[in-house]
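The values are calculated or read from the model by the stated rules, or taken from the named source; none is laboratory data. Since we're looking at a predicted model, the values are computed, not measured. Glycine gets a Cβ as well: all are built from the backbone with ideal geometry, and neighbour counts include every protein chain shown.
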Amino acid sequence: MFIKKQFMLLFLFLGILPISYAQNNGCKFMINGQLIDSDTQLPLTGATISLMPLKKTVKSDEHGFYRFSSLCEGTYTLHVKSLGFEETKRTIRLTKNELINIALEHGDITLHDVEVVGHQNSLKTTAIVHTLTPEQLNETKGGVLAEVLKEIPGVTMLQTGTSIAKPVIHGMHSNRVLMLNNGIRQEGQQWGNEHAPEIDPFIAKHIRVIKGAEAVRYGAEAIGGVVIIDPPVLPISPEIHGEVDLVGQSNGRGGTTSAMLNGGLTNLPGFSWRAQGTWKRLGDIKSADYYLNNSGVKEINFSASLGYKTSTAQFEGYYSHFETELGIFNGSHIGSVDDLRARIKNGRPFVTYPFSYTIEAPRQEIKHDLLKLKAHKDLRNGAQLDLQYGLQRNLRKEYDIRRGGRTSIPSLDLALTTQNLDIVYDHLQNNGLRSIVGMNLAIQVNNNIPGTFTTPLIPNYDSYNAGVFLIERWVKSVYEVEVGLRYDYKYFDAAGYRLDSVYYAGTRTFHNFSGSVGATWHVNSLLDLQSNLGLAWRPPSVSELFSYGLHHGTAAVEIGNDQFKSEQGVKWMNAAKIQLPKFDLELDAYAHYLKHYIYLQSTGEFWESLRGAFPIFHYDQTNAFFWGLDLTGRYQLAKNLHYSMKGSLVRAKDTKHGSYLPWIPADRIENSLRWTATYTAKWLDQIFLQLQHQWVARQTRYNPDTDFAPPPPAYGLVNVLGGMRFHLHQQDLRLQAGVNNLLNTAYKEYMNRFRYYAHDMGRNITVKLNYTF
Amino acid sequence: MNNLRNYFILAAIGLAAVSFTSCSKDDPVPEIDQEEYDGTILTFTEGHYHGEEFHASGDTVQVRFIKGSDKPYPSHLHLHAGEQYQLDIAMLKNGEDTSAEFEENEHQWFFLGAPDGVLDYTYSDNRVGFKGVFTVNKATSEGFDLQLILRHGLDKAKAASLSWNSTNYQEAGGSDDFNKSFELHPVEGDHDHEEGE
C-alpha cells in the first residue's frame with residue numbers, strides 16, 4: 001500500500017489545524033491518487049476531494065484520478081465526498097510527493113440512487129470547446145444533426161433544401177470541418193455540398209464543438225473546426241434503463257421515434273450493453289404558402305454497444321447503421337442554365353403540387369455502417385492508453401430523373417470504405433506536466449459501382465494516411481498551457497474517366513506539419529480567458545483534384561486541378577467567459593488565414609451541349625482571410641425570467657483578388673425570453689415557456705461572378721417553445737410543444753442552395769415526448 | 001477475465017485482417033452516358049393534307065445538331081411560303097433513334113422565334129412534337145432564329161404548355177432536354193431552293 005498509515009490522523013475541528021504549511025520554501029509537493037468504489041473496484045468519477053485547511057477542492061476525473069500540486073510541507077486532511085458513498089477523510093503529514101488511493105464504501109441509504117457513469121473521454125485541452133447542454137439537446141430533438149449544432153453560436157448550416165444540412169463553423173464546412181462520431185472520424189462523401197453527415201442525432205448525448213483549428217489532435221481537415229459526438233456512457237449497474245422519444249411535427253406531417261435501452265449482465269459482472277434505434281418519416285415540407293414537392297425523408301438507424309470493465313481497463317465494441325432515403329425538391333431539377341435563370345427570376349416554383357409522402361427521383365439513398373472496437377487501460381503510473389479501431393462503409397446512391405426506365409438506376413453509386421487505427425498514450429506526470437502522444441492510421445478505398453450509365457463525378461481511389469502527434473500540457477491552478485506538434489503523411493492514388501471518356505490516373509503525396517499553442521487563464525472565479533493558436537492543414541479533396549463533369553444540382557460544369565497544393569491555415573481563437581451572479585457573457589473572437597484556399601471560380605466560358613449552354617467553373621486556389629465574433633449572453637431579469645442573446649458574424653475575403661468568398665453566412669442574432677416556473681410539485685417540475693426571435697441579415701458581401709443570383713433579403717422568425725417534466729416513481733416524462741416560424745414568414749436563407757428555386761420552411765408545430773426509466 | 005480480453009483482441013485482429021484484404025480500389029469502368037445524345041436530326045418533308053391525314057411525299061431537307069459542335073448543319077434553311085412540311089425529329093445515340101424513350105406524358109417540343117403569322121404548327125403525335133406539320137404562311141425578307149426546345153417533366157395540363165409557340169412554356173414546369181436554334185428563312189415559292197449557306 002502506498003498509503004502511509006503512520007501519518008493518518010483524524011481531525012475533528014479543522015480550525016485547529018497547524019498552519020505549518022504556510023512556509024514559502026519548498027512548496028513543491030503533490031498529493032495525487034485514484035478513487036475507487038470498494039464494491040465494484042471501478043474508478044469513481046466526479047467525487048469531490050477537499051484539501052483542508054487550504055479549502056482547495058477538486059473533482060476526480062473520469063478515471064477516478066485527482067491531484068493537488070504546489071503544496072508546502074505540512075499536515076493536511078483530505079475529505080472525499082461522493083453521492084451515495086460514506087464521506088471519507090485521510091490526514092497526512094506531507095514531506096514528499098504522496099500517492100493516496102482511496103476506496104470508498106457505499107452509504108447505507110442511497111445505494112441504488114447513485115448514477116454511476118463509466119468511461120467518457122473528457123477533453124483535456126486549451127482549445128475553445130462548446131458543449132450543448134442537455135436542455136439544448138432536448139429542445140432540438142427531431143432535427144437533423146446540423147440543426148442541433150446550430151444552437152452553438154458561430155455554427156450555422158449549409159442546406160440543400162429542407163432535408164439536407166451540413167454544419168458550418170465560422171464559414172467553413174464539408175472537408176474543412178472534422179466530425180468525430182463516437183471517437184471515429186466520420187468518413188462519407190463529404191466533398192459534396194448536398195451530402196449531409198450520416199449520423200443519427202438521437203444517439204448523441206454529448207455534443208461538443210471545437211471552433212479552433214485542432215489539427216494536432218485530430219489530424220487534417222480539422223482546419224475549420226471539430227464536431228465531437230458521443231453516445232451516452234455504458235452503465236455499470238445491472239438494472240435495465242431506457243429512454244423513449246416521440247417527436248411529431250406538423251410541417252411534413254410526420255415525425256421521429258427513438259428508443260434506447262441499456263443495462264448490465266447480472267451473471268457477468270463488468271459487462272454492460274446498450275441498444276438503440278430511430279425511425280423517421282416525413283412527407284413534403286411546406287414553405288409559407290406552397291408545398292416543396294418531393295421533399296420527404298425516410299430514415300432508419302440503429303446501434304448496439306457492448307462493454308466490459310475492470311478497475312483498470314475498459315473494452316468496448318460498437319456498431320451502428322444509418323440508412324436514409326431523401327427526396328430532393330423537384331423544382332430544383334434543371335436542364336440548363338436557361339432553366340435556372342427562369343426560376344431565379346420567378347423566385348418560386350412554376351408548378352406546385354399537393355402534399356404527398358412519396359419520395360421519387362431526384363433522390364438519395366445512403367447507408368452508413370460503423371464498427372468500432374476500443375480498449376482503454378489505466379496504467380500504474382497514472383497514465384492511460386487508448387487503442388481504437390474503426391471500420392466504416394458508406395454507400396451512396398443518387399437517383400436522377402431519367403428516360404427510358406433508367407430512373408431506377410442510380411446516376412451516382414459510390415462505396416467508400418475507411419479503416420482507422422488510433423493509439424493515444426496520455427500521461428500525467430508528477431510535475432504537473434501532461435503528455436499526450438498519439439498515432440493515427442487510415443486506409444480509404446473509394447469505388448464507383450459500374451452500371452450507372454453516367455460518367456462518375458469523382459474517380460476510384462485509394463488513400464493512405466499516417467499521423468503522429470505530441471501534446472504537452474502544463475496544468476496549474478490559475479492557468480493551463482498547451483503546446484502540440486503533429487506530422488501527417490497522405491498518399492493518394494486515383495483512376496477514372498473524364499466526361500469526354502478520356503482515362504486518367506495519378507498519385508499524389510502530401511506531407512504536413514501542424515502545430516498548436518494554447519493557454520487558459522482562470523483570472524478569478526468570475527473571469528476565464530482562453531487563447532489558442534492552431535496551425536492546420538487540409539489536403540485537396542477528391543472533387544477539387546479530379547472533378548470533370550456536369551454538376552446537375554447547380555447546372556454548372558466543374559473542373560478540378562490535380563496539381564493543387566494542400567490548404568494551410570492558421571487560426572487564432574480567443575474566448576472570454578464572464579460569470580456574474582445575474583449575468584453570463586461569453587465572447588469568442590477569431591482570425592483565420594488560409595493559404596491555398598480552394599474555391600470554385602467562374603471562368604465566364606460556357607460548355608455547349610444539346611441541352612443548352614452550361615457555365616464552366618474551375619476550382620482555384622487563393623489566399624483567404626476570415627475573422628469574426630460570436631457572442632452569447634444571459635441575464636436574469638427577474639427570479640424566474642431570463643433574457644438570452646446569441647449572435648455571430650463572419651467576414652471572409654479572398655486576399656489575392658480582394659474579392660468576397662461565396663457561401664459565407666450572413667450576420668445573425670437571436671434573442672430569447674425564458675420564463676421558468678418556480679412551482680414544483682413532487683410529480684411535476686421544470687415548467688418553462690420560451691419566446692425567441694431570430695434575425696438574419698442580408699449577405700451584402702458577395703461576389704456576383706461566383707453566384708447566379710444575389711443573396712436573398714434579411715428575415716426574422718419568431719419561435720415559441722414550452723415544456724414540463726412529470727415524475728412517476730423512478731420515471732420521468734418530459735413534454736414539450738413548440739411552434740417554429742410562428743408567423744409563417746416566407747423567407748429564403750442565403751446558405752440554402754435551393755434559395756434559387758423556392759422559399760424555406762414555413763410554420764412548423766412540434767410536440768415532443770420523452771420518457772426515461 | 002483475461003480470456004474475455006483476449007477474445008476482444010482476437011476479434012479485432014480478425015476483423016481487421018478480413019477487411020484489410022480489400023484495401024485497394026477497383027479499375028474504373030467507362031460509362032456510356034445514356035442521358036446525353038450524340039445528335040439531333042430535324043427532317044422537313046414537303047406534303048399536304050388528305051382530310052385529317054398528312055401525306056409527306058415531297059422534297060426532304062434536314063438540319064443536324066451534332067454533340068460537341070455549337071452550330072447546326074446547315075446553319076440556314078429555306079422553306080417555301082404556302083407549303084406544308086412534316087417535321088420529324090430524331091434523337092440519336094450511337095446512330096440509333098432513341099425518340100421512343102421520350103415518354104409522351106412528360107415531354108413536349110416548343111418552337112419559338114417566328115414572327116407573327118409566318119408559321120403554324122400542328123402536333124401530329126400526342127402533343128409531343130417528334131412528329132408535326134409546319135405551315136409556312138408567308139415569306140419574310142430575312143431569316144429568323146427558330147428555337148427548338150424539348151421540355152421534360154412538365155405539367156401538360158398547364159395553359160403555358162398548350163400552344164406550340166408558348167413563350168412562357170417554363171411556367172408549365174419541367175426542364176430542358178434540348179435547347180438549340182437554327183436560322184429559318186421562309187421564301188416565295190419560285191425562289192431557288194437552297195440548302196445551307
Next on the checklist: With the requirement that a residue be more than 25 Å from A:Gln159 (Cβ to Cβ) and basic (Lys, Arg), what does the stretch A:206-247 give you?
Outcome noted: A:Arg217
Next on the checklist: Let me confirm something: among B:Asp116, B:Asp155, which residue is in contact (Cβ under 8 Å) with a residue 12 or more places away in the chain and among the charged types (D, E, K, R)?
Outcome noted: B:Asp155
Checklist entry - Taking A:Pro43 and the conditions (1) out of contact with any helix residue (DSSP H, G or I) (no Cβ under 9 Å at 6 or more places or on another chain); (2) of a type outside the set (A, V, I, L, M, F, W, C); (3) under 15 Å from A:Ile100 (Cβ atoms); (4) at pLDDT 80 or above, which numbered condition does it fall short on, given that it satisfies the others? => result (4)
Checklist outcome for this item: Over the stretch B:154-177, the set of residues crowded, with 18+ Cβ neighbours inside 10 Å and small (Gly, Ala, Ser) is B:Ala160, B:Ser161, B:Ser166, B:Ala172, B:Gly173, B:Gly174, B:Ser175
Item to check | Residue ID - surrounded by the fewest Cβ atoms within 10 Å (Cβ to Cβ), chosen from residues in the stretch A:66-86 that are assigned to a loop (DSSP other than H, G, I, E, B) and touching a Leu at 6+ places or on another chain (Cβ under 7 Å) | outcome: A:Glu86
Checklist entry - Among the listed residues A:Thr622, A:Thr678, which satisfies the condition of being within 30 Å of A:Lys565 (Cβ to Cβ) and of a type in the set (Val, Ile, Thr)? => result A:Thr622
Checklist outcome for this item: Subset of the stretch A:399-423, residues in a strand (DSSP E or B), more than 17 Å from B:Val29 (Cα to Cα) and not aliphatic (A, V, I, L, M), comes to A:Tyr399, A:Thr417, A:Thr418, A:Gln419, A:Asn420, A:Asp422
Item to check | So A:Thr454, is it in contact (Cβ under 8 Å) with a residue 24 or more places away in the chain, of a type in the set (Val, Ile, Thr), in a strand (DSSP E or B) and within 14 Å of chain B (Cβ to nearest Cβ) | outcome: no
Checklist entry - So, of the residues in the stretch A:506-532 that are free of Cβ contacts under 8 Å to residues at least 40 places away in the same chain and in a strand (DSSP E or B), which turns out to be nearest to the other protein chains (Cβ to nearest Cβ)? => result A:Thr507
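Residues checked against (1) modelled with pLDDT of 85 or more; (2) surrounded by 14 or more Cβ atoms within 10 Å (Cβ to Cβ):
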| residue | (1), (2) |
| --- | --- |
| A:Lys96 | no, no |
| A:Gly118 | no, yes |
| A:Ser122 | no, no |
| A:His130 | yes, yes |
| A:Thr156 | yes, yes |
Checklist outcome for this item: Of the candidates A:Arg498, A:Arg486, A:Arg538, the one satisfying the condition of being within 14 Å of another protein chain (Cβ to nearest Cβ) and of a type in the set (Lys, Arg) is A:Arg498
Checklist entry - Out of all the residues in the stretch B:30-57, which are within 14 Å of chain A (Cβ to nearest Cβ) and of a type in the set (Val, Ile, Thr)? => result B:Ile32, B:Thr40, B:Ile41
Next on the checklist: List pairs: first residue in the stretch A:560-576 and touching a residue at least 12 places away in the same chain (Cβ under 8 Å), second residue part of a strand (DSSP E or B) and among the basic types (Lys, Arg) anywhere in the structure, Cβ distance under 8 angstrom, at least six positions apart or on different chains.
Outcome noted: A:Asp562/A:Arg508; A:Ser566/A:Arg538; A:Glu567/A:Arg538; A:Glu567/A:Lys595; A:Gln568/A:Lys595; A:Gly569/A:Arg538; A:Gly569/A:Lys595
Checklist entry - What number of residues within the stretch A:153-187 satisfy the criterion of being assigned to a loop (DSSP other than H, G, I, E, B) and over 24 Å from A:Gly438 (Cβ atoms)? => result 8
Checklist entry - Condition test on A:Asn346, is it within 12 Å of chain B (Cβ to nearest Cβ), out of contact with any Phe, Trp or Tyr (no Cβ under 6 Å at 6 or more places or on another chain) and without any contact (Cβ under 8 Å) to a residue 24 or more places away in the chain? => result yes
Checklist entry - Looking only at the stretch A:412-423, which residues are buried (at least 20 other Cβ atoms within 10 Å of the Cβ) and within 20 Å of A:His63 (Cβ to Cβ)? => result A:Asp422
Item to check | Selection within the stretch A:569-623 - surrounded by fewer than 19 Cβ atoms within 10 Å (Cβ to Cβ) and outside any strand (DSSP E or B) | outcome: A:Pro581, A:Lys582
Checklist entry - A:Lys309 versus (1) farther than 30 Å from A:Phe708 by Cα; (2) away from every other protein chain (no Cβ under 12 Å); (3) modelled with pLDDT under 95; (4) buried (at least 23 other Cβ atoms within 10 Å of the Cβ): which is the lone unmet condition? => result (2)
Next on the checklist: more than 8 Å from every other protein chain (Cβ to nearest Cβ), in a strand (DSSP E or B) and either modelled with pLDDT of 90 or more or within 16 Å of the chain's Cα centre (by Cα) (or both): is that true of B:Asp177 in this structure?
Outcome noted: no
Checklist outcome for this item: Condition set within 14 Å of chain B (Cβ to nearest Cβ) and in contact with a helix residue (DSSP H, G or I) (Cβ under 9 Å, 6 or more places away or on another chain), scope the stretch A:424-451, selection surrounded by the most Cβ atoms within 10 Å (Cβ to Cβ): answer is A:Asn446
Next on the checklist: Return the pair list, or none, for Cβ contacts closer than 8 Å from residues in the stretch A:377-395 that are within 14 Å of another protein chain (Cβ to nearest Cβ) to residues that are hydrophobic (A, V, I, L, M, F, W, C) and part of a loop (DSSP other than H, G, I, E, B), at least 6 apart or on different chains.
Outcome noted: A:Leu385/A:Leu379
Checklist entry - Can you tell me which residue in the stretch B:58-78 is surrounded by the fewest Cβ atoms within 10 Å (Cβ to Cβ), limited to those that are within 14 Å of chain A (Cβ to nearest Cβ) and touching a Leu at 6+ places or on another chain (Cβ under 7 Å)? => result B:Lys67
